[in-house]
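Have a look at the structure that comes next, please.
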Amino acid sequence: MAEAEDPNTMQFNGSEAPKLTTWPNEPNVRILQGDLEASRPAHDTFVLKVKKWRELNEVSGSSKPPKIKGRSQVQPKLIRRQAEWRYSALTEPFNSSEKLFDVSPVTFEDGPAARQNELLLNWQFRTKLNRVSFIDNYVRANVDEGTAIVRVGWCRKTIEVEEDAPVYDHLAPQNQQDIDLFQQGLAFKQEDPNTFNQQAPEELKAALDYYEETGQVTVAVKTGTQKVKVQKVIENRPTLGIINPENFYYDPSCGDDLEKAGFVVISFETSKAELKKEPGRYKNLEFVNWESAAASVASEPNHTPLSSDTNFNFTDAMRKRIVAYEYWGPYDVHGTGEMVQIVATWIGNTLIRMEENPFPDGKHPFVVAPYMPIKRQVMGESDAELLEDNQKILGAVSRGMIDLMARSANGQQGFAKGMLDVLNRRRYENGQDYEFNPTINPTQGIIEHKYPEIPQSALAMLQMQNQEAEALTGVKAFSGGLSGNAYGDVAAGIRGILDAAAKREMAILRRLASGLTQIGRKIIAMNAIFLSDKEVIRVTNRPPVGIGHNGGPPLDDEKDFLTIKREDLAGDFDLKVDISTAEIDNNKAQDLAFMLQTMGNNMDFNVTKMILVEIARLKRMPELQHQIEKFEPKPDPMQQQLMQLQIAKEQKEIEKLQSDIELNQAKARSEMVKAEQGALNTVEQETGTTHAREMEKQRGQAEGNQDLEITKALVKPKKQANGGESDPDIEAAVGWNAVSKSKSDPLGSGSNLAGAPII
């Protein structure tokens, strides 16, 4: 393959591979390969260490004792033994709980999104990813190779299918009822879009969709159906892969932060058939020399194959395994001085992919978790770096002891010459009585060989190496080391050594958890972009959707599936992503139980119910959690009646208090009136008003009596001379009364002012 005049165009067999983008400054394969070659020395240095650690762990290669005739080749696997005890201690905190991620919001506005991301993350790790296998490989790569390198990706597969789609006619509203229904549906959709999508009629949904597109209020009327082609999602999930450090290259100038690396390159195995499955991603495949030795897995010296059998490969061109390189990093593709994150892939000298970084966080998709960090370096160290000398010394001493015993003729017997003749030798071998030469004592003439005693110094050396290994790693492999005597032969000393080992292990676990936290953040960001509009997630084991516990319609909390919309998973809010372990959840449950004890029985039941629900959730008891959530205490009838009587009593007492208050207020008003009347009487007494009124009263009484007597006299019949009586003079009486009234009230007002003179 030769380079053409244009450095961005490759030539193969007389044909040029076109540029993959319209960028004015698209990098060519020579530039990308130059970055790869520049990072190779630092990469090779670390790979040599990794290979040495693997050999020590497997007792192979240079760590295997040389073969010497008649000598032992035994090499105890001290490093492997320590690692085996370490594996389970580091994997169980992640695999012991169904819930791996605990996503907490920093502010209350992020609460719903945090709960949805937590639900989705744990569901993906539980169902879409082989979590047990991934955690095992993640921990073993971290322990054996000193660093776990994880690639986070996304797998999406779709097929095109035909479906019957409804056809609607959109008409103007005919009456106020149609407008009111439309407005109610619009408000419902804005307040709770999930519930709206589940419960609203299809016609109302179509009308609102049309309104969002055109801004016109209409009434949707279904007129029929039509066949439409839609993309049906077969797979849409995140992917995780453990990368071999031998196939991982990065910018060595980034220090201890891989995020600052100028580029990251990996080599991977693929085939023409696999690349053709993604035609939109990989191009220029016709310009690749598939038969070239440069692309073959077996002939690529800088790539470590996935299979230990490097001689196997497919013979047909479509399935033949070849090596490709993938480049991630910033580059000035527009020639403006602004760096853009890109990804490029090449096979041999042919670029087959060139595009901007497709991931939403704009970073490379690799996460590195070191086992034992090294200052100012990205990669870490393995325990093999600490235990190399101990394993070699342990092997040398063990081989010496084995050779010592192997060279002994244990169980063999030696006879002195001339002590037994042929006949007596046969008798001796048959267990019969025999005769011996009296000049040679049989106790001295017969020697029985035995294994020699192993020196105590050798056993002490073995014990010392095991103890030192356990002290270096903090792993108790039950070989006699790492005792609490160093802290005192008491309970406090034993607790001290256990705490020291636990802290060492917790530090390693914390670095592993940090790596998983970064993985969780990347998946959260990808979920917000790559998920379908709605992802249906099964969250409980309750009855199917549409059927309640009693055979009727389901209640709100009986639904098997929770619909999560993609826009609700936006990664632009602050999140704290922690690893949830059974121990952490148990501690939380104990704290909540202690809160219940301190509150006692005087706390409102709703508060107690909230705490009990949280305890059941932390203890992984979904059925109990559901029962507590739905539980409403039924009051005792007698207690309820007593409460009613108590309420009635309180009401009567309140009424009595109210009546007493009204009585006291009336008495107060009466006393106020009396006080005012007394004050008025005092004033009238002082001014003579009372005396004048009394005089007027007496005068009026006298005049009234006078008028009465005159009236009586006028109406009294008088005796006539003839002895009879005259008729009463009624008119004279009425006239007198009128005259007397006019004298007493000349103004005709009907009454006189107090103290005024009478005319």
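The values are calculated or read from the model by the stated rules, or taken from the named source; none is laboratory data. The structure displayed is predicted, hence computed values, not measured ones. Backbone-built Cβ (ideal geometry, glycine too); neighbour counts: all protein chains shown. In case anyone asks, the SASA skips ligands and DNA or RNA and just uses the protein heavy atoms, side chains included. Shrake-Rupley method; radii C 1.70, N 1.55, O 1.52, S 1.80 Å.
Relative contact order for the range 369-483: what percent, with Cα pairs under 8 Å and sequence separation of 6 or more?
Relative contact order here is 27 percent.
May I pose another question? Let me check against my output: what whole-number percent is the relative contact order of the range 195-275, with C-alpha pairs under 8 Å and at least 6 apart?
In percent, rounded to a whole number, it is 16.
If you don't mind, there's one more thing I want to ask. What are the residues whose amide H is under 5 Å from the amide H of Ile243, where those residues sit 5 or more places off or on another chain and H is modelled from the backbone?
Under 5 Å from the amide H of Ile243: Ile149, Val150, Arg151.
Quick one: how many Å² of Ser514 are accessible to a 1.4 Å probe, rounded to 10?
The value for Ser514 is about 60 Å².
Could you give the length gained on full extension between Lys277 and Lys619, defined as 0.36 nm per residue of separation minus the Cα-Cα distance, in nm?
Gain in length upon complete extension: 118.6 nm.
Sticking with this structure for a sec: Taking only the alpha carbons of the range 205-257, what extent do you get along each of the three principal axes, in Å, biggest first?
64, 26, 13
In addition: Which of the pairs Lys157/Lys283; Lys77/Lys588; Lys99/Lys277; Lys157/Lys189 have their Cα atoms more than 29 Å apart in this structure?
The pairs that break the limit, which is 29 Å between Cα atoms, are Lys77/Lys588; Lys99/Lys277; Lys157/Lys189.
Give, to the nearest whole percent, the P(r) tail of the range 13-77 beyond 14 angstrom, counting all Cα pairs.
Cα-Cα pairs of the range 13-77 separated by over 14 Å account for 75 percent.
Through the Karplus equation 6.51 cos²θ - 1.76 cosθ + 1.60, θ set to phi - 60°, convert the phi angles of the range 234-240 into ³J(HN,Hα) values in whole Hz; use x for Gly and Pro.
Working through the residues one at a time gives 8, 9, 8, 8, x, 10, 9 Hz.
Can you run phi through the Karplus equation (6.51, -1.76, 1.60; θ = phi - 60°) for the range 116-126 and list ³J(HN,Hα) in whole Hz, with x for Gly and Pro?
The phi angles translate into 5, 5, 5, 4, 5, 4, 5, 5, 5, 5, 7 Hz.
Any chance you could tell me what percent of the C-alpha pair distances in the range 44-181 go past 24 Å?
Summing the P(r) tail past 24 Å for the range 44-181 gives 64 percent.
Let me ask you something else. With every protein chain kept in the model, how would you rank Lys222, Lys417, Lys260 by accessible area, 1.4 Å probe, largest at the top?
Ranked from most to least accessible, the order is Lys417, Lys260, Lys222.
Follow-up question, since we're still on this one. How large a share of the accessible area of the range 319-430, in percent, is made up of carbon and sulfur atoms when the probe is 1.4 Å and the other protein chains stay in place?
Ligands and nucleic acids excluded, carbon and sulfur reach 49 percent.
Return, for the Cα atoms of the range 578-678, the radius of gyration and Dmax in Å, separated by a comma.
Cα only, the range 578-678: 27.2, 88 Å (Rg, Dmax).
Average the reciprocal distances over every distinct pair of alpha-carbons in the range 111-153, invert the result, and give the Kirkwood radius in Å.
Radius from the Kirkwood sum: 11.9 Å.
Taking every pair of alpha-carbon atoms in the range 314-428, what share in percent sits in each 10 Å bin, from 0 to the bin with the longest distance?
Binned Cα distances yield the sequence 9, 15, 15, 15, 12, 9, 7, 7, 5, 4, 1.
Collect residues whose amide H, placed 1.01 Å from N in the peptide plane, falls under 5 Å from the amide H of Val167; neighbours closer than 5 in sequence don't count.
When sequence neighbours closer than 5 places are left aside, the close amide H contacts are Thr223, Gly224, Thr225, Gln226.
Just to confirm, what accessible area per residue do you get for the range 276-405 at 1.4 Å probe, in whole Å²?
Normalised by residue count, the accessible surface of the range 276-405 is 47 Å².
Which whole-number percentage describes the relative contact order of the range 55-131, with Cα contacts under 8 Å and a sequence gap of 6 or more?
Relative contact order, the range 55-131: 19 percent.
Count charges around Phe182 for me, please; just the other residues with Cβ under 12 Å from its Cβ, Lys/Arg as +1, Asp/Glu as -1.
Local charge sum for Phe182: -1.
Could you bin all the Cα-Cα distances of the range 215-353 into 10 Å bins starting at 0 and give me the percent of pairs in each, rounded to whole numbers?
9, 29, 28, 16, 7, 7, 3
For the range 151-287, evaluate the Debye formula with one uniform point scatterer on each Cα (no solvent term) and list log10 I(q)/I(0) at q = 0.09, 0.15, 0.18 Å⁻¹, rounded to two decimals.
-0.60, -0.90, -1.11
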